[in-house]
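The values are calculated or read from the model by the stated rules, or taken from the named source; none is laboratory data. It should be emphasised that the depicted structure is a prediction, and the values quoted were computed from it without experimental measurement. Methodologically, a virtual Cβ is constructed for each residue, glycine included, from the backbone with ideal geometry; neighbour enumeration extends over all protein chains shown.
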Amino acid sequence: MENIMEIENLNYKNIFKNFNISIKKNQFITISGPNKCGKTTLIKILDRQIKTNNSIKLNNRYLEDYNIKDLKERIGTVIFADDNSFLFNTVEEELMFLLDNKDIVKAEKIKRYKEIIKRFKLNKYQNVNPNTLYKNLQIKLKLAMAIILKPDILLLDDICSRMSRKETTEIHDILKYLKEEEKMTVIMTTDNLEETIASDILYIVSDGNVLLKGKPLDVLEKDNVLNRLGLELPFMMDLSVKLRDYDLIKEPELDMDRMVDILWK
């Protein structure tokens, strides 16, 4: 599988030092690390909100070679900490504005709009002013806006940080759909290691470099490194590591019911 995005020897202030990551098409990547390790900065660099010189390639072309309009159609971005003010008076207007500025036939615009509203469960908010929605609903709307034009890559920074478990599960179900059905590449940062489980590859970054990389369960087993960074393992993962050390289980298990079944056998 070919790379869709490559970060090559990225240097930025004192945050990144010859930083390298290659991301393949249709992967779900999560990036985690201690506070102030540069996660939000990295998302902004990949979105060209922060400019660097010839460090990032998208489909084998440097970001600098794309015009802004073309780049915005290829990359959708949601950053939790950004100001979530909206331009229009209703959710419907906010979403339709994006479609109206794209060369799409009317029937396709209506189809996309209805699909997005249904998938994000925004039906009852269509005529509500988005600036009056509570924060998590605004994040869902921002995510809907980011994917309605079907970009190649979705960049997400810490979007589930204040969501309930139910809300987080709902978002991750949407991300799974985007990866499997829309063949979208997802790059997400998070401080919550439990959120990394569903991804294909997990990167742990610190001091401007990649410390750990691999399948999430393999990375999360490196609890000595994670603890040194101040990163807290998900409860079931932490329990799995301890039980494995006592030879009570062979592989990590994140489902409590299955864990009980294994231990009772």
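If only residues of the stretch 201-221 that are buried (at least 16 other Cβ atoms within 10 Å of the Cβ) and not hydrophobic (A, V, I, L, M, F, W, C) are counted, the one that is farthest from residue 42 (Cα to Cα) is 221. Please indicate, with yes or no, whether at least one residue in the stretch 231-249 is assigned to a loop (DSSP other than H, G, I, E, B), more than 24 Å from the chain's Cα centre (by Cα) and not aliphatic (A, V, I, L, M). Yes. Scanning the stretch 87-110 for residues that are modelled with pLDDT of 90 or more and β-branched (Val, Ile, Thr) yields 90, 91, 105, 110. The residues of the stretch 37-75 that are in a helix (DSSP H, G or I), under 17 Å from the mean Cα position of the chain (by Cα) and among the hydrophobic types (A, V, I, L, M, F, W, C), listed by number, are 42, 43, 45, 46.
For the stretch 8-36, the set of residues classified as outside any loop (DSSP other than H, G, I, E, B), surrounded by fewer than 19 Cβ atoms within 10 Å (Cβ to Cβ) and under 17 Å from the mean Cα position of the chain (by Cα) consists of 22, 24, listed by residue number.
For the stretch 76-103, filtering for residues that are in contact with a Lys or Arg (Cβ under 7 Å, 6 or more places away or on another chain) and either assigned to a loop (DSSP other than H, G, I, E, B) or hydroxyl-bearing (Ser, Thr, Tyr) (or both) leaves 1. Of everything in the stretch 179-200 that is in a strand (DSSP E or B) and touching a helix residue (DSSP H, G or I) at 6+ places or on another chain (Cβ under 6 Å), the residue that is surrounded by the fewest Cβ atoms within 10 Å (Cβ to Cβ) is 186.
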